[in-house]
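S.K.: My questions all concern the structure below.
The values are calculated or read from the model by the stated rules, or taken from the named source; none is laboratory data. Note that the structure is predicted; figures quoted are calculated from it, not measured. Counting neighbours? That spans all protein chains shown, and the Cβs are built from the backbone with ideal geometry, glycine included. Protein only, heavy atoms only, side chains kept; ligands, DNA and RNA dropped before computing areas. Shrake-Rupley method; radii C 1.70, N 1.55, O 1.52, S 1.80 Å.
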Amino acid sequence: MLDDSSFAIHPGQNGKHAKVSYRDISSIVRMSKEGNVYSYFCEAGSVALQFVREDIVRIVMNVDNNLSMKSSVAIVKKPEEVEVKTEETEGCFILSTNTLKVEISKSPLRINIFDTQGELIVGEGARGLGLNEKGDVICHKMMSEHDHFYGFGEKTGFLDKRGEKMTMWNSDVYAPHNPETNALYQSIPYFMTLRDGKAHGLFFDSTWETTFDLQSKEDSYTFSAAGGQIDYYVMAGPTPKDVLYQYSELTGRMPLPPKWALGYHQSRYSYESEQEVRHIAKTFSDKKIPVDVIYLDIHYMDEYRVFTFNKLQFPTPEKMIQDLKEVGIRLVPIVDPGVKEDAEYEIYQEGIREDYFCKYIEGNIYFGEVWPGNSAFPDFTSRSVRKWWGAKHSYYSDIGIEGIWNDMNEPAVFNETKTMDVKVMHDNDNDPRTHRELHNIYGFMMGKATYEGMKDHLNGKRPFLLTRAGYAGIQRYAAVWTGDNRSFWEHLQMSLPMCMNLGLSGVAFTGPDVGGFAHDSNGELLTRWTQVGAFTPYFRNHSAIGTVRQEPWSFGEKYEKIIKKYIELRYQWLPQIYSLFEEASRTGIPVMRPLLMEYPEDENTYNLSDQFMIGDNVIVAPILQPTTQHRVIYLPKGNWVNYWTDELVVGGKHQLIEADLETLPIFIKQGTMIAHGDIKKSTDIVDVNRTLHLYVGDTNTTYTYSLYEDDGSTFAYKEGKYLYKTFTVHCYSNKVEISVKDDGQYIPDWQELIVVVHGANSQLQLMVNGEIAKNKSYDNISKKMLFSI
Ligand code: MIG
């Protein structure tokens with residue numbers, strides 16, 4: 001039959017047509033300048049170049065001649081007025097600022113970016129911009145032998161991504177997260193390159209499915225997208241911290257979370273009734289284990305309808321929430337995007353009436369199967385839908401809820417492709433685009449709607465939002481947990497580089513399900529994982545339905561005791577952690593850091609995946625294996641102090657240390673300080689003391705420590721109600737000089753500021769702002785001297 005029709009001469013039939021290979025953008029034909037945008041029209045496409053700041057350059061390529069400078073929702077930065085010097089030689093155009101020099105060669109068009117010392121940062125060789133054999137837009141860059149790669153958002157595997165090929169397509173992956181698991185819930189098409197101690201960043205602002213190939217070639221890497229333009233930014237660095245600052249200038253920073261969000265969180269899929277929730281809360285209180293949050297997973301709803309409670313299992317949610325708040329515990333409910341198709345359900349009715357759901361171009365609504373059964377999905381790319389969704393959250397805030405948990409927002413759908421039909425059209429604030437193009441921002445836009453809605457409802461209190469899916473810039477709205485891991489030691493190991501790379505990707509507020517989500521946990525694993533969790537920015541124990549219980553007391557007293565000790569430790573360290581959160585919210589520099597962030601010159605740190613830093617002076621080196629009480633640690637050059645024993649550990653080498661089940665190895669850099677608060681059952685209780693631990697040594701170095709305090713719950717800090725206490729510390733062997741400077745109008749609750757000098761000899765003198773401080777006590781054995789200042 002088909003042979004009789006024109007199908008017989010279908011171009012795909014004979015397999016004979018020419019194999020298409022890479023098509024290069026080729027040579028510049030003409031250039032023009034409009035405002036601060038430099039355009040280069042080539043034989044096979046066009047390129048525009050713009051400086052956003054003197055240390056950030058944006059490059060856009062379109063293979064047709066309809067280039068657009070419209071950015072994705074990731075970008076918050078408006079280009080500054082940058083002074084650009086221009087030059088033209090026979091072969092190139094040269095644009096330079098005070099920090100970057102960009103050379104655009106004419107034939108073919110190639111872009112080479114140099115630093116002020118004339119060193120090539122990002123360069124193009126045989127290939128540059130173009131279309132690859134699949135027809136994807138692609139950009140090739142030279143790769144040096146010394147390049148190491150970090151970031152890429154949420155990825156499995158080791159810290160350094162050199163040699164990997166990675167895809168960005170928000171995906172719900174329940175199958176075990178393995179080293180080769182590629183696309184996960186988050187898409188952050190961004191990375192930082194570290195080369196011989198110097199760093200630069202590259203952000204590929206494409207919401208399409210993108211691929212980063214650092215694998216196929218030895219001397220070049222590529223990034224490509226399944227559609228649209230190449231639109232990327234190069235950030236000059238030169239330090240890793242500079243790169244984070246620059247990237248977070250572009251995509252924004254985390255708002256300061258409420259302090260309660262930094263406490264210990266307890267979750268389970270699911271606590272299924274008020275009775276059960278109250279029982280969990282009471283057990284924490286009876287056992288005197290601190291806790292700030294209990295989560296309500298999908299069972300709290302009436303047949304999984306969002307913005308409802310199941311009346312049988314949760315008859316008096318408001319009363320429950322109030323009672324728990326009185327003992328310092330907050331409830332965070334899950335909210336998924338799928339709205340149950342049900343003509344008698346208000347949210348569905350409103351969504352239909354107001355035309356709020358995602359539709360095909362033909363006008364029919366897209367339905368997909370999720371927890372509530374057949375469901376429609378709000379089109380969060382539309383402002384009016386975001387407003388509606390945000391406003392709906394008064395359902396929660398009216399009964400005292402201050403935090404929301406967004407799940408399934410990739411969006412996940414129970415079908416072959418695991419997501420929405422890519423043909424669905426999104427409103428995109430009046431610039432309609434297909435789901436294929438906007439898939440990766442669906443969760444981001446849901447987060448924006450939710451955060452902004454909750455912020456409106458909370459009358460000046462800070463909302464907390466946890467999300468599974470996101471795109472670059474998600475830190476502006478939400479904390480990110482790493483999804484459905486398993487109770488495997490391998491997954492504890494993997495969580496470290498995963499969270500460190502998320503931190504390097506602008507997402508400071510992150511952590512895994514402590515104890516592991518799927519599969520059965522056990523006492524030893526939960527103990528070791530809780531030790532790590534006490535120092536990850538986000539600290540939540542969560543486990544799946546059908547697995548063994550995983551609350552701190554689930555595996556007997558021996559483990560409970562140690563787990564409790566580490567949850568308490570989290571509360572003791574909160575002033576330190578909170579100060580680091582404040583730093584991240586101001587600079588983009590993450591709370592949990594790989595060592596390379598502080599020691600970019602030290603090669604031993606480049607792929608160090610089983611240790612991390614909290615701030616610039618604390619190294620945590622957890623035990624990540626079963627029945628193991630020792631490990632190799634690497635401490636960079638300098639003197640370090642064992643947090644538990646006060647022993648001096650000399651750095652600059654790998655060494656073996658012992659750590660029984662009770663011990664999480666922690667090392668503090670000599671000559672620096674950390675702040676501690678009180679152990680307490682919840683962050684709602686105010687501290688009586690603030691203690692600064694100073695690790696003295698003949699370091700002859702100056703250390704600046706900044707303790708940040710505010711009310712921990714409102715936005716009053718934006719109106720000056722904050723306190724930075726800056727300590728400039730100088731250590732000699734027998735003397736410590738501290739100068740203290742206060743800035744801001746917040747008066748902290750604590751009564752006394754205590755300084756504990758570790759490693760002090762009995763003659764030690766402490767000078768505070770030029771005056772000798774009176775020592776309160778000295779312990780000859782532990783060598784600790786106490787002062788009240
Ligand atoms: O398909 O709400 O990652 O944390 O407990 C499972 C039930 C849906 C996936 C989340 C997990 C949560 C679970 N959800």
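Matching residues to (1) on the phi > 0 side of the Ramachandran plot; (2) of a type outside the set (A, V, I, L, M, F, W, C); (3) under 19 Å from the mean Cα position of the chain (by Cα):
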{"residue": "Q186", "(1), (2), (3)": "no, yes, yes"}
{"residue": "M192", "(1), (2), (3)": "no, no, yes"}
{"residue": "F203", "(1), (2), (3)": "no, no, yes"}
{"residue": "S216", "(1), (2), (3)": "no, yes, no"}
{"residue": "S220", "(1), (2), (3)": "no, yes, no"}
{"residue": "I230", "(1), (2), (3)": "no, no, no"}
{"residue": "Y233", "(1), (2), (3)": "no, yes, no"}
{"residue": "P240", "(1), (2), (3)": "no, yes, yes"}
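S.K.: How many residues, within region 277-330, are in a helix (DSSP H, G or I), without any contact (Cβ under 8 Å) to a residue 40 or more places away in the chain and surrounded by fewer than 15 Cβ atoms within 10 Å (Cβ to Cβ)? Let's see the steps before the verdict.
M.R.: Applying the first criterion (in a helix (DSSP H, G or I)) to region 277-330 yields 277-286, 298-300, 317-326.
If we keep only those that are without any contact (Cβ under 8 Å) to a residue 40 or more places away in the chain too, we end up with 279, 282, 286, 299-300, 319, 326.
Keeping just the survivors that are surrounded by fewer than 15 Cβ atoms within 10 Å (Cβ to Cβ) gives 279, 282, 286, 319, 326.
So the answer is 5.
S.K.: I would also like to ask the following. Is it the case that P463 is away from the ligand (no atom under 16 Å from the Cβ), on the phi < 0 side of the Ramachandran plot and crowded, with 24+ Cβ neighbours inside 10 Å? Please lay out each step first, then the result.
M.R.: Working: away from the ligand (no atom under 16 Å from the Cβ): yes; on the phi < 0 side of the Ramachandran plot: yes; crowded, with 24+ Cβ neighbours inside 10 Å: yes.
For P463, the condition - away from the ligand (no atom under 16 Å from the Cβ), on the phi < 0 side of the Ramachandran plot and crowded, with 24+ Cβ neighbours inside 10 Å - is met.
S.K.: Restricting the search to region 482-493, which residues are open to solvent by less than 20 Å² (accessible area, probe 1.4 Å) and away from the ligand (no atom under 14 Å from the Cβ)?
M.R.: Result: L492, single match.
S.K.: Which residue out of T251, T283, T239 is more than 16 Å from the ligand (Cβ to nearest atom), under 30 Å from Q322 (Cα atoms) and not aromatic (F, W, Y)?
M.R.: Every option except T283 fails the conditions.
S.K.: Okay, next question. Sort out which residues of region 409-418 are within 13 Å of the ligand (Cβ to nearest atom) and either surrounded by fewer than 24 Cβ atoms within 10 Å (Cβ to Cβ) or outside any loop (DSSP other than H, G, I, E, B) (or both), and write them in order of number.
M.R.: The answer is V413, F414, K418.
S.K.: Same structure, new question: Counting just the residues of region 691-729 that are at pLDDT 95 or above and assigned to a loop (DSSP other than H, G, I, E, B), which one comes out farthest from Q765 (Cα to Cα)?
M.R.: It comes out as F715.
S.K.: So which residues in region 688-719 are in contact (Cβ under 8 Å) with a residue 12 or more places away in the chain, open to solvent by 30 Å² or more (accessible area, probe 1.4 Å), farther than 27 Å from M785 by Cβ and of a type in the set (D, E), if there are any at all?
M.R.: The answer is D711, and nothing else.
S.K.: Anything in region 135-188 that is part of a loop (DSSP other than H, G, I, E, B), of a type in the set (D, E) and more than 16 Å from the ligand (Cβ to nearest atom)? List them, or say none. Explain how you work it out, then say what you get.
M.R.: Initially, region 135-188 is screened for residues part of a loop (DSSP other than H, G, I, E, B), giving 135-136, 143-146, 152-164, 169-185, 188.
In the following step, the residues that additionally are of a type in the set (D, E) were identified as 136, 145, 154, 160, 164, 172, 180.
Scanning region 135-188 gives D136, E145, D160, E164, E180.
S.K.: Right, another one. From the list G516, G506, which residue is part of a loop (DSSP other than H, G, I, E, B), under 20 Å from P240 (Cα atoms) and not hydrophobic (A, V, I, L, M, F, W, C)? Spell out the reasoning first.
M.R.: Numbers: G516 fails: under 20 Å from P240 (Cα atoms).
Within the list G516, G506, the selection yields G506.
S.K.: Can you find a residue that is under 21 Å from Q246 (Cα atoms) and either in a loop (DSSP other than H, G, I, E, B) or out of contact with any Phe, Trp or Tyr (no Cβ under 6 Å at 6 or more places or on another chain) (or both) anywhere in region 553-573?
M.R.: no
S.K.: How many residues does region 512-571 contain that are surrounded by fewer than 24 Cβ atoms within 10 Å (Cβ to Cβ), within 16 Å of the ligand (Cβ to nearest atom) and over 20 Å from the mean Cα position of the chain (by Cα)?
M.R.: Qualifying residue count for the region: 10.
S.K.: Could you go through region 429-436 and let me know if any residue there is assigned to a loop (DSSP other than H, G, I, E, B) and at positive phi. Break it down into steps so the answer makes sense when it comes.
M.R.: At the first step, the residues of region 429-436 found to be assigned to a loop (DSSP other than H, G, I, E, B) are 429-432.
Among the residues that remain, those that are also at positive phi are: 429-430.
Yes: one or more hits.
S.K.: Pairs only if they're at least six apart or on different chains, beta carbon under 8 angstrom, first in region 78-97 and farther than 18 Å from F41 by Cα, second acidic (D, E) and not in a loop (DSSP other than H, G, I, E, B); list them, first residue then second.
M.R.: Pairs found: S96/E87.
S.K.: Sticking with this structure for a sec: Going through region 23-53 one residue at a time, which ones are touching a Gly at 6+ places or on another chain (Cβ under 9 Å) and either at pLDDT below 95 or at positive phi (or both)?
M.R.: Correct list: S26, G45.
S.K.: Quick one: which strands (runs of 3 or more DSSP E) lie wholly within region 732-789 and hold at least 1 residues that are out of contact with any Leu (no Cβ under 8 Å at 6 or more places or on another chain) and among the hydroxyl-bearing types (S, T, Y)?
M.R.: 735-743
S.K.: Within region 132-187, restricting attention to residues that are open to solvent by less than 50 Å² (accessible area, probe 1.4 Å) and of a type in the set (D, E, K, R), which residue is nearest to P590 (Cα to Cα)?
M.R.: E154
S.K.: Hey, among the residues in region 202-247 that are outside any strand (DSSP E or B) and among the small types (G, A, S), which one's surrounded by the fewest Cβ atoms within 10 Å (Cβ to Cβ)?
M.R.: Once the filter is applied, the top-ranked residue is S216.
S.K.: Tell me, please, whether a residue that is of a type in the set (A, V, I, L, M) and over 32 Å from the mean Cα position of the chain (by Cα) can be found in region 340-359.
M.R.: yes
S.K.: So I685 passes all but one of these: (1) touching a strand residue (DSSP E or B) at 6+ places or on another chain (Cβ under 9 Å); (2) farther than 13 Å from E582 by Cβ; (3) surrounded by fewer than 21 Cβ atoms within 10 Å (Cβ to Cβ). Which condition number does it fail?
M.R.: Only one criterion in (1) touching a strand residue (DSSP E or B) at 6+ places or on another chain (Cβ under 9 Å); (2) farther than 13 Å from E582 by Cβ; (3) surrounded by fewer than 21 Cβ atoms within 10 Å (Cβ to Cβ) is unmet by I685, namely (1).
S.K.: Residues to consider are A479, A472; find the one that is within 16 Å of the ligand (Cβ to nearest atom) and on the phi < 0 side of the Ramachandran plot.
M.R.: One residue alone meets the criteria, A479.
S.K.: Looking at region 169-180, I want the residues that are at pLDDT 90 or above and have a partner that is hydrophobic (A, V, I, L, M, F, W, C) and within 12 Å of the ligand (Cβ to nearest atom) with Cβ atoms under 6 Å, at least 6 apart or on another chain. Which pairs are those?
M.R.: Going by the 6 Å Cβ cut-off, the qualifying pairs are N170/A469; D172/A412; V173/L184.
S.K.: Something else: State which residue pairs qualify: first residue of a type in the set (G, A, S) and inside region 614-628, second residue part of a loop (DSSP other than H, G, I, E, B) in any location, beta carbons under 8 Å apart, and separation of 6 or more residues or different chains.
M.R.: Cβ pairs passing all conditions: G615/V591; A621/D610; A621/Q611; A621/P665.
S.K.: Any chance you could count how many residues in region 255-275 are within 16 Å of the ligand (Cβ to nearest atom), in contact with a Ser or Thr (Cβ under 9 Å, 6 or more places away or on another chain) and open to solvent by 10 Å² or more (accessible area, probe 1.4 Å)?
M.R.: Going through region 255-275 one residue at a time, the tally reaches 2.
S.K.: While we're looking at this one, here's another question. Taking I75, is it over 22 Å from D136 (Cα atoms) and either under 30 Å from the mean Cα position of the chain (by Cα) or polar (S, T, N, Q) (or both)?
M.R.: Yes; evaluated as a whole, the condition is true for this residue.
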